[in-house]
Amino acid sequence: MVPRKVGTAWEILAPAKVNLYLEVLGRRTDGFHELETLMVPVSLYDQLHWTPSTDGEVSDFSFSVDGSSNSGHLSSLGNQNLVPKAAQLLAARAGIKAHGHFHLTKRIPLAAGLGGGSSDAAAALLLANEAWQAGASRVELASLAAELGSDVPFFLTPGPAICRGRGEIVESVTGLPKLHLVVVKPKLGLSTQSVFSRLKDITQDVASSRNHSAQCLGRLLQDLKRGAIGRAGRSMVNRLEDAASQMTLEIRLIKDTLSRAGCWGQLMTGSGSAVLGIARSAWHARQIAGRLTAQSFGTVLATASG
Ligand code: C5P
């Protein structure tokens, strides 16, 4: 994610992500869960725009949001949106006043497990840092990102990554092939907190689950890197899927439909409710997306990992 100057304004594209692997290693004492997850950015973007205050008043700060109707309840999001929160956090730490107008155009479906809100927050940190010449280093931005949410640091680093801890410890991964994807978001979205709270049989023995997870993730990465996508598709895991499926029956239905359509693999992403299918080509992804759109499955997108 790189901010771009347009006249006196700045803009940035904030990508969505999908999880190709998500293992819950254990429950932590701080209320979070210890994770190991493989996340890849996809070519589906929100857009964040910053313009300076028109009257030159440096204390003027505002935020607005709009977007496609399938993004959900945008009007109710003004107050809880992470964009103004991120900008104000950066300003406070840099000892400056938040100023100018931020406008967010939402295209990434909400409450989907696609990381839209987290990506917007990371975009706001990067954009505000440039627009205000706040001078925060990458390490300082990563620390602010972790305060804003577990998935936010991932979006500061380009490309795929394995994320650990509660998600904020990011290790970049190279050499993965481009994947053609179908992403289906059922009409009902899910709250991350409520999905985690429904997890059952989670150990506190993080060390033993870490070994097992390292082996499973290692095999998946090896298959992906050597282009054995069919095998990789069969070994994708999302430990949150059962809990989420109890809340939205459509998750299983969509997975079955993607499997019957000939996908290499299908998996819920993040805490849901969106499901991804790995298609065999861009054409195959568009063909499946067209069919599922006609069947009114919710929001259906053909995209690719980037
Ligand atoms: O960090 P974030 O604000 O995205 O987390 C939202 C909620 O999801 C947390 O309050 C917590 O209930 C749950 N969560 C968790 N373990 C994680 C990440 C999130 O239990 N690693």
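What follows draws every value from the coordinates through simple rules; no lab data is involved. Source: prediction; values computed, not measured. So basically every Cβ, Gly included, is an ideal-geometry build from the backbone, and we count neighbours across all protein chains shown.
Worth pointing out:
- Assigned charges on the beta-carbon of Lys, Arg, Asp, Glu; the chain dipole about Cα centre (debye): 1140 debye
- Taking the average, over residues, of other Cβ atoms within 10 Å as the packing measure, peptides 170-178, 279-287 rank 279-287, 170-178 from highest down.
- Between Ile169 and Arg198, the simple label model (points 7 Å from Cα in the Cβ direction) yields a spacing of 2.9 nm.
- With neighbours defined as other Cβ atoms within 10 Å of a residue's Cβ, the residues Ile254, Ile96 order from fewest to most as Ile96, Ile254.
- Computed from point charges on the beta carbon alone (+1 for Lys and Arg, -1 for Asp and Glu), the dipole magnitude for region 197-306 about its Cα centre is near 380 Debye.
- Residue among Ser273, Thr299, Cys216 farthest towards the positive dipole end of the chain, charges placed on Cβ: Cys216
- Residues with amide H under 5 Å from that of Leu44, placed H, sequence gap 5 or more: Ala16
- Theoretical ellipticity at 222 nm over the chain - DSSP helices of four or more residues, -39500 (n - 2.57) apiece, nearest 500: -10500 deg cm²/dmol
- Over the chain, Cα pairs under 8 Å with separation of 6+ residues give a relative contact order of 23 percent.
- Asp256-Asp55 FRET efficiency (beta carbon distance; Förster radius 41 Å; 0.05 resolution): 0.10
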